[in-house]
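Chemist: Here it is: the structure, laid out below.
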Amino acid sequence: MKDVDREAGGTPALQMTDFIRDLKQYLLQMVQEGAKTVYLSSEGKESLERFLQKGGELSRRAVEQESSRAIRGGVRSLRELEEVMRKCHKCPLGEDRLNLVFGEGNEEAEVVFVGEAPGADEDEQGRPFVGRAGQLLRKIIRAMGYEPEEVYIANILKCRPPMNRDPLPEETERCFPYLSAQLKLIKPKVIVALGKHAAHALLGVKTPITKLRGNWARFQGIPVMPTFHPSYLLRNMGGKKEVWDDMQEVLKVLGRTPKKHGS
């Protein structure tokens, strides 16, 4: 077996491929000779650990470089961006997720609804807003005169935080560029920020959602309407009128006829 701590020629990816091939050949030879255990000296263990760690770092760096290229405009469609995201493990959430929750809907939607993060149901199905809050959101969308398939629904985070906790600042920082890339590809006329986390991430502020909602702002030139998250409405039914008022403002900007509350 060749020395695993060697400085082989070729690219890092080829070095790793050569190492795996040599290791496989060595282990097969040991099995054929009747060996049931493989002894490594302490120096050999350290060398192996260094090499594998280096390989892991190179792999992670390659993924980060690919995602950075995608974010800078290297991808031309949402499908391409989603494939890049499936390889993303920039934060621990990527290691523990069941499914990536990229987003869904019309890729040329005039309105995009942005929430904070997937929950348990979303993680299981790989789709955004499929629980009770999602059912309410779709009811609101239909009341606006759209079918859910006509708009686009996404989240700031694409992976579920454990125990449905709030997104951490570092998670938002690492995942937000993907949402930005989504919005650049979709080119919506309006963004609806659902809840404080979405509004804070899009607008770069810490103002309470109670003061933000109902007031227009902008993200990269796109009008943004902050409003309450549907999960808030499930706990506070009185907020429905305020959300409906916000959606009327959205319809006005989109050139659609606003509807009366409850119609």
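The values are calculated or read from the model by the stated rules, or taken from the named source; none is laboratory data. All figures in this text were calculated on a predicted structure; none of them were measured in a lab. Glycine gets a Cβ as well: all are built from the backbone with ideal geometry, and neighbour counts include every protein chain shown.
Chemist: Could you figure out which of (1) within 22 Å of the chain's Cα centre (by Cα); (2) at pLDDT below 95; (3) farther than 17 Å from Pro118 by Cα isn't true of Met237?
Modeler: (1)
Chemist: A further question follows. I'd like to check which helices (runs of 4 or more DSSP H) are fully inside segment 78-127 and have at least 3 residues that are over 11 Å from the mean Cα position of the chain (by Cα), free of Cβ contacts under 8 Å to residues at least 24 places away in the same chain and surrounded by fewer than 19 Cβ atoms within 10 Å (Cβ to Cβ). Spell out how you get there, then give the answer.
Modeler: Working: elements: 78-86, 93-96, 120-125.
Correct list: 78-86.
Chemist: Answer yes or no: is there a residue in segment 119-140 that is at pLDDT 95 or above, of a type in the set (D, E, K, R) and within 18 Å of Trp244 (Cβ to Cβ).
Modeler: Yes - at least one qualifying residue is present in segment 119-140.
Chemist: Moving on to the next point. Could you list, in sequence order, the residues of segment 133-149 that are within 16 Å of Thr227 (Cβ to Cβ) and either assigned to a helix (DSSP H, G or I) or within 21 Å of the chain's Cα centre (by Cα) (or both)? If you could, list the steps in order and put the result at the bottom.
Modeler: Of the residues in segment 133-149, the ones within 16 Å of Thr227 (Cβ to Cβ) are 133-134, 136-141, 143-144, 146.
Of everything in segment 133-149, those that are within 16 Å of Thr227 (Cβ to Cβ) and either assigned to a helix (DSSP H, G or I) or within 21 Å of the chain's Cα centre (by Cα) (or both) turn out to be Ala133, Gly134, Leu136, Leu137, Arg138, Lys139, Ile140, Ile141, Ala143.
Chemist: Just one of (1) over 23 Å from Cys159 (Cβ atoms); (2) modelled with pLDDT under 70; (3) not small (Gly, Ala, Ser) trips up Val111, so point out which.
Modeler: (2)
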